[in-house]
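Shown next, in structure tokens, is the structure this report addresses.
Throughout, read-outs are computed from the coordinates displayed, never taken from laboratory work. Remember, it's a predicted structure, so these values are computed and weren't measured experimentally. Cβ placement follows ideal geometry from the backbone for every residue including glycine, while neighbour counts extend to all protein chains displayed.
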Amino acid sequence: MSPTGAFALAFLLLALYCGLDPFKQSAISGFPDFETYQIDPPSWSEVPTARDAQNSLQRAEVKFLNEVQGPESVAFDPQGRGPYTGVADGRVVFWNGESWVDFAYTSANRSNLCDWKPTPFSYMKDEHICGRPLGLRFNKRTGDLYIADAYFGLMKVGPEGGLATSLATEAEGVPLTFTNDLDVDEDGTVYFTDSSTKYQRRNFLQLVFSAENSGRLLKYDPVTKTTTVLMRNIQFPNGVSLSKDRTFFVFAEGAAGRLRRYWLKGEKAGTSDVFAVLPGYPDNIRTNKDGDLWVAMHCRRNPYAYYSGLYPKLRKFWLRLPIPAKYQFLLQIGGRPHAVVAKYSTDGELLKILEDSQGTVVRAVSEVEEVDGKLWLGSVLMPFLAVYDLS
């Protein structure tokens, strides 16, 4: 066989291997209905270029290493006690000043499947049994803790803790599939996100790769006990946080890398607009005592994520290659995990950016909670909390 013929044969065999994926190594193996969607991101010229040259998050203190697995959200009760955090085995735990103690759980069917495991990822296949508390918020008036459980929906537990009570598992006849974050207004109204009606949290990588647009922004009314859809067809909606004056709330558009503002009062009530274009891809948002908003971002934007978002057919072809999801995700985040957090004013102005661009200390961050001059950094992917001193 000539060199040209040998090359052609090798190319054909490689194409067949990639197309058939016989060893089921591709990131979308096992998802026969997987489809990719175009993302309409802000132009590069709109993306903030500010960087933290000091890599300030590398000075953060790692706390409770291997004591809390995947602490996504951080909350302090009305008396200032805590932190409370939801962990990968389905519990909400409380730091009492000396040790972690159980406070609440979301599944009534817990078993030894939910026992301690060495990494946050170890729990994923059983999350639908054990529960997975994500966003946490206290009602400062009643002391009730509201929980966005990825599998069991919107839940609430009283100040004494225990088994959480279900508030909502569907909206307008469509089940909550990936309940993610929430905030609670003074009258008990809850605003929350359902990141997808197709993918559960244990398939969050496929949701990231797909950028499908079944996500919803929701409202729970405590008087009528009904849940309504405020916005739909959102690509990976995530964090939610009310403004200090309660005239609007901000939520994260995960796929596009934006914050969107939803107006609750005034002439614009019931409408939304872009609040800020972010330097990266957001998770949770938290408002501090001054009314500024801290945004946790899993990574900065990078050319691969930007262009693959613009060309969904090319992205789907690439995802069909026998490249495991882990490595596809590394491409998506720019090659290595690295945490970025940013503070925005109530008008959407970027005030501060902190990062660990090498991922040496804070490799990932899901939430930033400011308390007494310190930032508590939670991460759904890491086995610890980190604390950064703003002073």
Theoretical gain in end-to-end length, Lys63 to Ser29 [0.36 nm per residue, Cα-Cα removed]:
8.5 nm
Multiplying the sequence separation of His128 and Leu321 by 0.36 nm and subtracting their Cα-Cα distance, what value in nm do you get?
66.6 nm
Which of the three applies to the range 223-262, rounded, prolate or oblate, going by the alpha-carbon gyration tensor with a ≥ b ≥ c and a/c under 1.5 meaning rounded?
oblate
Reviewing [x] 25.3, 77; [y] 23.4, 94; [z] 21.1, 81, the figure for Rg and Dmax of the Cα atoms in Å actually calculated from this model sits under [z]
What lysines sit close enough to Lys289 to cross-link, taking a C-alpha to C-alpha distance under 28 Å and skipping anything fewer than 8 places away on the same chain?
Lys63, Lys140, Lys156, Lys219, Lys244, Lys265, Lys268, Lys343, Lys352, Lys374
Hits in the range 235-271: amide N under 15 Å from the 7 Å Cα→Cβ extension of Val174, namely 235-238
Under the rule of -39500 (n - 2.57) per DSSP H run of 4 or more residues, summed and divided by the residues of the chain, what mean residue ellipticity at 222 nm is obtained, to the nearest 500 deg cm²/dmol?
-4000 deg cm²/dmol
In whole Å, what is the distance between the alpha-carbon centres of the range 203-267 and the range 59-73?
27 Å
Val274 to Leu163: extension gain in nm, 0.36 nm per residue of separation minus the Cα-Cα distance?
36.2 nm
For the chain, the longest site-free run once GluC sites (Glu not before Pro) in DSSP loop states with at most 13 other Cβ atoms within 10 Å are removed
268-348
What is the angle, in °, between the Cα long axis of helix 3-20 and the longest principal axis of the Cα atoms in the chain? Nearest 10 is fine, range 0 to 90.
30 degrees
Between the DSSP loop rule and a limit of at most 14 other Cβ atoms within 10 Å, which trypsin sites (Lys or Arg not before Pro) in the range 218-265 are left?
Lys225, Lys244, Arg246, Lys265
If each of Asp347 and Arg141 carries a label point 7 Å out from its Cα toward its Cβ, how far apart are those two points in nm?
3.1 nm
Cα centroid separation - the range 105-151 against the range 154-177, whole Å
12 Å
How many nm is it between the label spots at Tyr311 and Ala50, if each spot is 7 Å from the Cα in line with the beta carbon?
3.4 nm
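Give the longest segment of the chain that steers clear of chymotrypsin sites (Phe, Trp or Tyr not before Pro) in DSSP loops with at most 11 neighbouring Cβ atoms within 10 Å, not counting the sites themselves. Don't jump to the answer; show the numbers that get you there.
Details: sites that count: Phe23, Trp116.
Counting only loop sites that pass the neighbour cut-off, the longest clear stretch is 117-391.
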May I ask you to derive the FRET efficiency for Glu267 and Arg81 from their Cβ-Cβ distance with R0 = 35 Å, giving the value to the nearest 0.05?
0.30
